[in-house]
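One structure is given below, encoded as C-alpha cells.
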Amino acid sequence: MTRLLLLVSFVAAPCVAREFSNPEPRPRVIVETDAGGDPDDEQSLVRFLVYANEFDIEGIIANRPVARDRENKNSIRDGLGIVRAQINAYDQCYANLVQHDPRFPKPEQLLARTVAGYDVTENGVDLILRAVDGADPRPVWFCNWGTDHGSAASCLRRALDGVLRERGRDGYAQFKSRLRLSSFDAFGEHTTTLEPPFPLWVDTFRPPLDGKRWYHRFSALTATADGFDIERDVRTGHGPLGALYPTNTGPRQKEGDTMAFLYLLPTGMNDPQEPTWGSWAGRYGPNEEHPGKPYFWANQQDVWRGTTSRDNTLARWAADLQNDFRARMDWCVKPRAEANHRPSAVLNGRGGREILRLEAKPGSVVELSAHGSSDPDEDSLTYEWFVYGEAGTYAREIQLTATGGPTTHFTAPEVKRAETVHVILWLKDDGDPPLCAYRRAVVTIRP
C-alpha cells in the first residue's frame with residue numbers, strides 16, 4: 001500500500017505527523033423484513049435494491065407468511081413472494097444498472113439468497129449460520145426491519161438460541177462476536193442480558209424524543225427535500241422497480257426501515273464502527289437503557305442553520321441523499337451517458353471513500369487538499385469544507401482558513417490531552433440531479 005505524507009507546515013517546534021488508512025470493503029449485510037405488513041418495508045426495499053452495489057448482500061429473509069389484511073394492499077399475499085417480486089423487477093432494470101456500476105449483483109444471486117424466515121422453516125436460520133460461520137473475516141451486519149404481530153420470530157434470535165444450546169457459552173460468544181446490528185431490537189435476552197453483548201448495536205429506530213420516534217422522522221425530513229417528488233422521481237417513468245413503491249403508509253414516503261441500511265452506506269464521511277460521527281442515517285450516542293454496553297441510538301443533536309435538534313443530524317444531508325436516490329432511479333432506465341453520477345472526492349492525494357486519519361501537534365498547520373477530485377460526467381464542481389464539531393472531542397471553535405475552494409488549513413490548538421477534530425470535504429456537481437461526494441479527515445491533536 002502506498003503511504004502518503006500529511007501536508008503540514010510548522011509554526012512551532014517540528015512534530016511528526018502520521019497518517020493512518022484502512023481500505024474499507026463493502027459491508028456484509030443480511031436484511032430481515034416483515035414485508036407484507038406495514039408497506040414501508042416495500043418502500044425501503046426499492047431503495048435498498050438500487051443501492052445493492054454498495055453492499056455484499058449475504059441474504060434477505062422474509063419473515064411474514066401471510067400479508068396483513070387491509071393495511072397491506074399488495075396483490076401478492078406472502079412476504080417471500082413480495083420480496084421476490086421486487087427482485088424480479090430489479091432483474092428487469094439490471095441491464096441498465098450495471099452500465100452505471102458493474103458491482104450490482106446478478107438478480108439470480110439475490111434470488112438464491114432470498115429465503116423464507118417463517119416459523120415452520122429453518123431456511124432463514126440456516127442462511128444466517130452459513131454467513132456468520134463462513135471463512136470471510138468481515139463481520140456480518142444484521143438489519144431487522146421488524147417482527148410484529150403476524151410475522152415469525154426473528155431468525156437471528158432463533159439462530160442465537162440454537163448456537164447457545166448446541167455450542168455452549170464459548171461457541172455462543174464466538175458466534176456473537178462476528179455480528180454487528182444496525183437494527184430494530186427483536187432478539188430478546190440476546191440483546192439485554194445474555195453475555196457477552198453484541199460488539200456493536202446501532203438502533204436506528206429509537207428513542208422517542210419530544211413525542212417523535214426516530215423511526216418516523218425519515219419521511220418528515222426527506223420526503224420533499226430539494227424538490228424530491230415520489231411520483232415523478234420513483235414511481236413514474238423509472239421502470240418496474242420504482243412502480244412497486246407503495247404509498248399507502250400514512251406519510252406517502254414513510255420508509256421507516258431505510259435508516260438501518262443508510263447507516264451502513266459508505267459515503268466517504270461515515271464509518272459504521274463509529275456511530276457518534278454521523279451518517280446519512282443521523283448521528284447516534286450511547287443507549288442509556290443499556291449502560292456500559294456498546295449500544296447506541298438516535299439521541300444526539302446537531303447545530304445546523306441556527307438551530308439545535310436531533311432532526312438536524314439527518315436534515316443536513318436530506319437533499320443529498322434524496323438526489324442520490326433520484327439519480328439511481330434514473331439508472332434503472334437511462335444509459336450511462338444520459339444519467340448523472342456522483343463525483344470522486346480526493347483528499348490529500350487519496351481517492352476512495354475511506355476516512356483519512358491524521359495526527360498533529362499543537363501549533364502545526366494541518367493542510368487539507370481536494371486537488372485531484374473529478375466528476376465522471378465532466379460536470380463542474382463546487383467545494384465546501386466544514387468542521388463537524390459534534391463529532392469531534394475538541395470543544396472549542398476551529399477556524400478553517402477557507403470554507404470553499406479545493407484547499408483549506410487550520411492551526412492545531414493547544415490541548416491538555418489528545419483531542420480530535422473532524423473536517424468534512426463536501427463536493428458537489430452541477431448535474432441533474434446535483435450529486436455530492438464527501439471525505440472526512442479525523443485529526444488527532446496530541447500535547
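The values are calculated or read from the model by the stated rules, or taken from the named source; none is laboratory data. Please read these numbers as outputs of a predicted model, since none were measured by experiment. Don't worry about glycine lacking a Cβ; one is built from the backbone with ideal geometry, like all the others, and counts go over all protein chains shown. When the accessible area is computed, the model is the full protein with side chains, heavy atoms only, and any ligands, DNA or RNA have been set aside. Shrake-Rupley method; radii C 1.70, N 1.55, O 1.52, S 1.80 Å.
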_region 235-283: chymotrypsin sites (Phe, Trp or Tyr not before Pro) in DSSP coil with no more than 15 other Cβ atoms inside 10 Å_ = none
*Gain in length, His149 to Thr193, computed as 0.36 nm per residue apart minus the alpha-carbon separation, to one decimal in nm?*
13.5 nm
*Sort out for me the Cα centre separation of region 374-444 from region 101-148, rounded to whole Å.*
36 Å
*When the Karplus curve 6.51 cos²θ - 1.76 cosθ + 1.60 is applied with θ = phi - 60°, which whole-Hz ³J(HN,Hα) does each residue of region 199-214 get, with x for Gly and Pro?*
x, 7, 10, 10, 8, 8, 10, 9, x, x, 10, 6, x, 10, 6, 4
*Given Cα pairs under 8 Å that are at least 6 residues apart, what percent is the relative contact order of the chain?*
17 percent
*Across region 29-34, in residue order, what do the Karplus-derived ³J(HN,Hα) couplings come to in whole Hz, using 6.51 cos²θ - 1.76 cosθ + 1.60 with θ = phi - 60° and x for Gly and Pro?*
9, 10, 10, 10, 10, 9
*How far is it, in nm, from the label point at Val98 to the one at Phe386 when both lie 7 Å from their Cα along the line to the Cβ?*
4.0 nm
*When ligands, DNA and RNA are left out and all protein chains stay put, how many square angstrom of accessible area per residue does the chain have with a 1.4 Å probe?*
40 Å²
*Give me the percent of the accessible area of the chain that comes from carbon and sulfur atoms, probe 1.4 Å, all protein chains in place.*
51 percent
*Once the whole set of protein chains is in place, how much accessible area is left on Met269, using a 1.4 Å probe, in Å² to the nearest 10?*
0 Å²
*Return the sequence-ordered ³J(HN,Hα) values of region 232-248 in whole Hz as given by the Karplus equation 6.51 cos²θ - 1.76 cosθ + 1.60 applied to θ = phi - 60°, using x for Gly and Pro.*
5, 8, 9, 6, 10, x, 10, x, x, 5, x, 5, 8, 6, x, 10, 8
*Around Arg180, with a cut-off of 11 angstrom between Cβ atoms, what is the net charge of the other residues, counting Lys and Arg +1 and Asp and Glu -1?*
+4
*What residues qualify as long-range amide H neighbours of Arg28, i.e. H under 5 Å apart, gap of 5 or more or another chain, H built at 1.01 Å from N?*
Asp56, Trp141
*Among Gly134, Gly59, Gly162, whose mean-square fluctuation peaks in a Gaussian network model of the chain (Cα, cutoff 10 Å)?*
Gly134
*Share of antiparallel DSSP beta bridges in the chain, in percent to the nearest 5?*
60 percent
*asked:* Suppose accessible area is computed on protein heavy atoms with a 1.4 Å probe; arrange Lys176, Lys334, Lys416, Lys106 from highest to lowest.
replied: Lys416, Lys106, Lys334, Lys176
*asked:* Can you list which of the DSSP-assigned H helices in the chain have a Cα extent of 18 Å or more along the long axis and an average Kyte-Doolittle score of at least -0.5?
replied: 79-100
